[in-house]
Amino acid sequence: MSWSISGRYFENCTCNVVCPCTASLSLGADLDRCQVILVFHIDSGEVEGVDVSGLTVAAVADTPKVMTDGGWRLGMLVDDTASEEQTAKLGAVFGGQLGGPMAALAPLVGEMVGAERVPMTFESSDGRHSLRLGEVGNIELEDIVPFGIETGEPARLTGVFHPVGSELTLGKAGGSRLKAFGIEPELAGKSGFSTAYSWSA
């Protein structure tokens, strides 16, 4: 059966603004390891007949300096309001088992470090994005509006390879904090991106 999901996305990683990995996966990260949280809020979606609208999924990754070297450690955080059936369907989408963009990244993953259901509160408006994750953490990002841009339009990175799309809005993290799957990245004040996404397979 087919599936489709669409919604809003943002990420926060340990690179300085702007993250070189997003410019090209073959460029090395600023640090010896890249640690990142990828936040997917689903505004509308159905996976093999199961409605997943309104739910949020976050992937937590620890990767080598050059992401294309593979050996990623990856964990999944799922909205605790999701039913067991919804959780299973989302796991299959974001794990790449049902095809789509995440399937292309699956060969880079060396270890799945776990999956947890946590309380999530997602917000995204007026260039500010946040995800509260109960005791696990709080991620905050604000779009970057370049100096002198009177329209208030944020800066964008275009023509990149990224699972959510080839154009991303640049952002800078606020007081982000995260501790999950033994990964505790220093995210505050670091790099981030946001965009809308639409996937299907």
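Selection over the stretch 161-201 of residues that are of a type in the set (A, V, I, L, M, F, W, C) and touching a Leu at 6+ places or on another chain (Cβ under 7 Å) gives a count of 9.
Among all positions in the stretch 112-120, there is no residue which is in a helix (DSSP H, G or I), under 22 Å from residue 185 (Cβ atoms) and in contact with a Gly (Cβ under 9 Å, 6 or more places away or on another chain). Is one or more of the residues making up the stretch 2-10 surrounded by fewer than 22 Cβ atoms within 10 Å (Cβ to Cβ), touching a Ser or Thr at 6+ places or on another chain (Cβ under 9 Å) and at pLDDT below 95? Yes, the stretch 2-10 contains at least one residue that is surrounded by fewer than 22 Cβ atoms within 10 Å (Cβ to Cβ), touching a Ser or Thr at 6+ places or on another chain (Cβ under 9 Å) and at pLDDT below 95.
Determine if the stretch 88-102 includes at least one residue that is touching a residue at least 12 places away in the same chain (Cβ under 8 Å), surrounded by fewer than 17 Cβ atoms within 10 Å (Cβ to Cβ) and charged (D, E, K, R). So far as the stretch 88-102 goes, no, none of its residues is touching a residue at least 12 places away in the same chain (Cβ under 8 Å), surrounded by fewer than 17 Cβ atoms within 10 Å (Cβ to Cβ) and charged (D, E, K, R). Within the stretch 139-185, the set of residues being in a strand (DSSP E or B), in contact (Cβ under 8 Å) with a residue 12 or more places away in the chain, over 24 Å from residue 121 (Cα atoms) and not hydrophobic (A, V, I, L, M, F, W, C) comprises 156, 167. Scanning the stretch 117-151 for residues that are among the charged types (D, E, K, R) and crowded, with 16+ Cβ neighbours inside 10 Å, we see that the one that is nearest to residue 75 (Cα to Cα) is 140.
For the stretch 159-184, the tally of residues that are of a type in the set (Ser, Thr, Tyr) and within 19 Å of residue 67 (Cα to Cα) stands at 1.
Within the stretch 91-102, which residues are within 19 Å of residue 69 (Cβ to Cβ) and part of a helix (DSSP H, G or I)? Spell out the reasoning first.
Step one: of the stretch 91-102, the residues within 19 Å of residue 69 (Cβ to Cβ) are 96, 102.
The one that is within 19 Å of residue 69 (Cβ to Cβ) and part of a helix (DSSP H, G or I): 102.
Looking for whichever is more than 19 Å from residue 193 (Cβ to Cβ), touching a residue at least 60 places away in the same chain (Cβ under 8 Å) and among the acidic types (Asp, Glu) here; the options are 135, 116. Which one fits? Even if it seems obvious, please write down each step before you answer.
Details: 135 fails: touching a residue at least 60 places away in the same chain (Cβ under 8 Å).
Being more than 19 Å from residue 193 (Cβ to Cβ), touching a residue at least 60 places away in the same chain (Cβ under 8 Å) and among the acidic types (Asp, Glu) holds for just one of 135, 116, which is 116.
Every test in (1) hydroxyl-bearing (Ser, Thr, Tyr); (2) surrounded by fewer than 17 Cβ atoms within 10 Å (Cβ to Cβ); (3) modelled with pLDDT of 95 or more is passed by residue 197 save one, and that test is (2).
The values are calculated or read from the model by the stated rules, or taken from the named source; none is laboratory data. As the structure is a computational prediction, the values presented were derived from the model and not from experiment. Cβ: placed from backbone, ideal geometry, glycine included. Neighbour counts: every protein chain shown.
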